[in-house]
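Asks: Starting off with a structure, shown below.
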Amino acid sequence: MNVNSCRIIELPKITDSRGNLTFVEGDIIPFDIGRVYYLYDIPAGSERGGHAHKALHQFLVASSGAFKVHVEDGKNRKTFSLDRPYFGLYIPPMLWRTLDDFVTGSVALAIVSARYDEDDYFRDYSEYCRYVSTQ
Ligand code: T46
């Protein structure tokens with residue numbers, strides 16, 4: 001898997017005089033939804049992530065505020081800015097990701113393909129790089 005497999009997906013936005021509504025369902029993102037979690041009350045200067053997933057597919061949305069997502073595949077690196085609740089970033093398995101530059105009050109919504117499983121993580125960068133270099 002390489003960083004070019006990540007992509008921004010535009011979500012439906014339904015607008016009326018009461019405001020906007022955006023939804024995510026199975027045929028909009030390229031995996032079945034297994035879990036939803038969100039990061040919030042993030043102190044200024046914090047960094048989240050700093051790991052890769054072996055099998056998990058992920059879709060990240062700045063449902064409020066803005067932040068950056070850096071993805072790496074062991075050779076190349078790409079940075080995405082998320083700052084609209086109707087755009088999200090799809091990240092396939094085996095990519096290292098780090099989130100930073102959170103605007104105060106940001107909420108990072110993560111929609112992922114499976115339940116939490118610590119065995120699915122590479123949390124050590126050297127170990128991750130060693131592994132991908134053998135693939
Ligand atoms: C990712 C980024 C964007 C759980 O018990 N259940 C869960 O569903 C999750 C996601 C985490 N946890 C526990 C595991 C740790 O003890 O919560 C603690 C903090 O998790 P972590 O250090 O992995 O948090 P982040 O923000 O660095 O990473 C999370 C996700 O783990 C990861 O998949 O891509 O958000």
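Asks: Are any of the residues in the range 57-66 surrounded by fewer than 18 Cβ atoms within 10 Å (Cβ to Cβ) and under 25 Å from E118 (Cα atoms)?
Replies: Checked the range 57-66: no residue is surrounded by fewer than 18 Cβ atoms within 10 Å (Cβ to Cβ) and under 25 Å from E118 (Cα atoms).
Asks: For the range 1-108, list the strands (runs of 3 or more DSSP E) that sit wholly inside it and hold at least 1 residues that are in contact (Cβ under 8 Å) with a residue 60 or more places away in the chain, among the hydrophobic types (A, V, I, L, M, F, W, C) and away from the ligand (no atom under 15 Å from the Cβ); which are they? Before you say what the answer is, go through the steps one by one.
Replies: On the way: elements: 7-10, 14-16, 19-21, 35-39, 48-53, 58-64, 67-72, 77-82, 87-91, 96-100.
Those strands (runs of 3 or more DSSP E) span 7-10, 87-91.
Asks: Out of A110, A55, which single residue is within 18 Å of P30 (Cβ to Cβ) and more than 13 Å from the chain's Cα centre (by Cα)? Talk me through it step by step, then tell me what you get.
Replies: Details: A110 fails: more than 13 Å from the chain's Cα centre (by Cα).
Exactly one of A110, A55 is within 18 Å of P30 (Cβ to Cβ) and more than 13 Å from the chain's Cα centre (by Cα), namely A55.
The numbers here are math on the coordinates, done by the rules we state, and not lab data. If you're wondering where the values come from, they're calculated on a predicted model, not measured in any experiment. FYI the Cβ positions are ideal-geometry reconstructions off the backbone, even for glycines, and counts take in every protein chain you see.
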